[in-house]
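First comes the structure, then the notes that go with it.
No value in this document is a laboratory result; all are computed from the given coordinates. Note that the structure is predicted; figures quoted are calculated from it, not measured. Reconstructed Cβ throughout: ideal geometry from the backbone, glycine too, with neighbour counts over all protein chains shown.
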């Protein structure tokens, strides 16, 4: 079964019903049908929580956390072996990207997965990670 990684941009687009929401919805439906596995890194989960809390409220961030928990995706932690953290650090040291985005790219790279995003910052790692681009408008 193929694996795909959603970054925070993709999940926020879905949660806020932005233009890419329909494509993310399709990916979620396919995950339910077991056509692929969807992963979300814990750092990107935290980025969504932070963004929602700053822009709306902590109560809204908690609602969003419950919505994410109900989705057919696996939230992946950093792990005690620090392989994910090490790969994210290498990407951060060698590319002009946010640290949270480096975690999403590292998760995709480690799992040999396709990274699903609309965030142009990931153009930095297209040679190292397969990127599925979502529509921005």
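Quickly rank 50-57, 9-16, 86-93 as a protection proxy: mean count of other C-beta atoms within 10 Å, highest first.
Details: 50-57: 13.2, 9-16: 21.8, 86-93: 16.9.
Ranked from most to least packed, the peptides come out as 9-16, 86-93, 50-57.
The GNM of the chain, with springs linking C-alpha atoms under 10 angstrom apart, assigns the highest mean-square fluctuation among 101, 81, 119 to 81.
Note on the chain: with a GNM built from Cα contacts shorter than 10 Å, the maximum mean-square fluctuation among 106, 61, 20 falls on 61. GNM on the chain, C-alpha springs below 10 Å: top fluctuator among 112, 41, 79? Of 112, 41, 79, the most mobile in the Gaussian network model is 79. How high is the relative contact order of the chain, in percent, counting Cα pairs under 8 Å that sit 6 or more residues apart? That works out to 31 percent. Mark the label point 7 Å from the Cα of residue 36 along Cα→Cβ and return the residues of the stretch 60-92 whose backbone N is within less than 18 Å of it. Once the point is set 7 Å along Cα→Cβ of residue 36, 71-76 turn out to lie under 18 Å by backbone N, inside the stretch 60-92.
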